[in-house]
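The values are calculated or read from the model by the stated rules, or taken from the named source; none is laboratory data. Just so it is clear, the model here is predicted, and its values are computed rather than measured. Note that each Cβ is placed from the backbone with ideal geometry, even for glycine, and that neighbours are counted across all protein chains shown. Remember, those area values only see protein heavy atoms, side chains included, never the ligands or the DNA or RNA. Shrake-Rupley method; radii C 1.70, N 1.55, O 1.52, S 1.80 Å.
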Number of protein chains: 4
Amino acid sequence: MTDAADADVKYRVSNPAYAERVRASFGRQAFMGFIGAEIAEVAPGAVEIRLPYRAELAQQHGFFHGGIVGTIADNACGYASFSLADAASSVLTVEYKLNLMAPAAGDLLIARGRVLRPGRTLVVAQADVFAVREGREKQVATALATLMLMAGMADEPHDQSTPGNKSLGMDGTP
Amino acid sequence: MTDAADADVKYRVSNPAYAERVRASFGRQAFMGFIGAEIAEVAPGAVEIRLPYRAELAQQHGFFHGGIVGTIADNACGYASFSLADAASSVLTVEYKLNLMAPAAGDLLIARGRVLRPGRTLVVAQADVFAVREGREKQVATALATLMLMAGMADEPHDQSTPGNKSLGMDGTP
Amino acid sequence: MTDAADADVKYRVSNPAYAERVRASFGRQAFMGFIGAEIAEVAPGAVEIRLPYRAELAQQHGFFHGGIVGTIADNACGYASFSLADAASSVLTVEYKLNLMAPAAGDLLIARGRVLRPGRTLVVAQADVFAVREGREKQVATALATLMLMAGMADEPHDQSTPGNKSLGMDGTP
Amino acid sequence: MTDAADADVKYRVSNPAYAERVRASFGRQAFMGFIGAEIAEVAPGAVEIRLPYRAELAQQHGFFHGGIVGTIADNACGYASFSLADAASSVLTVEYKLNLMAPAAGDLLIARGRVLRPGRTLVVAQADVFAVREGREKQVATALATLMLMAGMADEPHDQSTPGNKSLGMDGTP
């Protein structure tokens, strides 16, 4: 899976500049920078997020915290879906379910998200999360998510003091 | 809900020092300190986690990142369950499902977790997450989680170089 | 909770004839009649479904089959949401998560559904399921569901030979 | 996937007679016979369930009821897991999440379940559900489930009048 060539493009791309848009949005998520996550791969309907281990990201046993696993799984589903959105639409996570399968012990965490069903309004996506130790990947979690395409919703920052901001709807949600 | 007095104790407490044990374990989670979360209340089968807003915790619209919402929801379910564990047992999150209901816009995020079913091995817990803005709480998410009580599993840090560590079982999971 | 009076109406009713519409739709679900389920109570944003035990509904241990528990939990979330829809809208279940807490052993199964978040497009609802044995209720499951309001979608039967039926959208889903 | 030959056996089989045991247990589920479901394929960690359309299984639009979709998805996860159990163990569904992707419109419903993580105590499994119309399969749902292996728990019917039955534990659940 690379940005440049997708021999096996499964989904219709609405925005030819999807990869740049995904990377720019990811770059605007301050929390991703804070924990040190990067978006490694972007394809139509699929992305890969990587996060090196740091002691600050641990739970009490020294492994990656479950919240970190959930965070990059959720984000991998979100950006896999966002890659199929047209240039004027954004994506919101409606809900997700995460199964933790093994302790996230390793030097690197990788989340691979892919779209299962590209709906007009609702998208179903799945992400698998792997911990890499001594060069070997081991699956530590899987997530199944529902996302919503928001037509005409910008992906730029909001002013929190403007609660009535139209771009997110009346209460900022669907 | 306070540590000191619980007029309406719904669940049997296995460890009289449950509140201290919950707080000590929370204190060992480096990630909680990194994001600035604190455990505000601990009762039998229920906890409250609070997290003030910081720009580092934001997604692209300036709200709390969904991963942050999921993190404290998961942790609120986990420590609500841990409060009922006996002194020699620990708790693992098996899975959780999170519904995001509104943007997490505010100065403070509060997650309140409670045990729904205190099983001998499996615990079902739920957490509601609220954003506080101008002193008013608004629910932004709810999570439904399954957790597992691990008899004889320590809550102290592991040495990541010792993959065979007995206290977590063969692969560190159930 | 009764049809007639709701002292504590929490949600705005869009269709004054909501209770009749819920009961009529429930009556059109052949599967509900097949298993013997009835809708016992309808209030704004909340319903109760009851299902007496029959040997045909059992799994291998003689308890209500888990699929039966999931069916009435899903339906309780669906009709709780449908009670808030306007007269020209219908409701689809997007997804649900079900936690089974105890064997569904008893003479009667009761599912109580309630809306947690009444959105304009998406609704979050929860249902608790109880088994009644010797007159005592015991909770056996809880479900957390996401539903979608479909404006202008009829609630009457479709002709399966007409796949292009507009009222459900191109592929019959959001 | 057939009973006879599994070129690509991914999981360790604990009970050589797993296929017979799966089929016998399925045969004891009265509800499967009531709706007309049959278990078509059994392999180590994977099963296929088939259910022809009948008007009694419909919701108000004439499609398979969502509860039916959930029922065979849940059961496909359950029996995929059960196929890996040793001869003295049984399996309970702890929880599952179901995403409905399209209306279940067709003459036949097929659920294919497979084990994602075969734990010693907890198993994670996934099932995809397809509706067949005019000979073509279309995916209508996916489910992600957690199941529990119960050592020493029989798979035969219980006497409902014996609530203390040991084989299911004190309250019949983990």
For all pairs of alpha-carbon atoms in region B:1-128, what percent lies in each bin of width 10 Å, listed from the first bin to the last filled one?
13, 45, 31, 10, 1
Evaluated over region A:105-146, the Cα radius of gyration and Dmax, each in Å
12.9, 42
For region A:36-88, the accessible surface attributable to carbon and sulfur atoms (probe 1.4 angstrom, ligands and nucleic acids excluded) amounts in percent to 49
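Taking both sides together, what accessible area is buried at the D/C interface, probe 1.4 Å, expressed in Å² and rounded to the nearest 100?
On the way: alone 9420 and 9440 Å², together 14710 Å².
Between D and C, the summed buried area is about 4100 Å².
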Under a 1.4 Å probe, counting only protein heavy atoms, C:Glu56 has an accessible area in Å², nearest 10, of 70
Inter-copy spacing of B:Ala151 label points, which lie 7 Å from Cα along Cα→Cβ, given in nm from shortest upward:
1.0, 5.8, 5.8
Quick one: ranking C:Phe64, A:Phe130 by accessible area, 1.4 Å probe, largest first, what do you get?
A:Phe130, C:Phe64
Which links in A:Lys10/D:Lys138; A:Lys97/B:Lys138; C:Lys97/D:Lys10; B:Lys10/C:Lys10 stretch past 25 Å when you go from one Cα to the other?
C:Lys97/D:Lys10; B:Lys10/C:Lys10
Using a label position 7 Å from Cα in the Cα→Cβ direction, what is the ascending list of nm distances from A:Arg136 to the same site in the other copies?
4.5, 5.1, 5.6
Quote the accessible area belonging to B:Leu116 in square angstrom, nearest 10, computed with a 1.4 Å probe and with ligands, DNA and RNA left uncounted.
50
Treating the point 7 Å from Cα along Cα-beta-carbon as the label, what are the nm separations from C:Ala17 to the other copies, to one decimal?
5.2, 6.1, 6.7
Computed label-point distance, nm, for sites B:Ser14 and B:Glu41 using a 7 Å Cα→Cβ extension
2.5
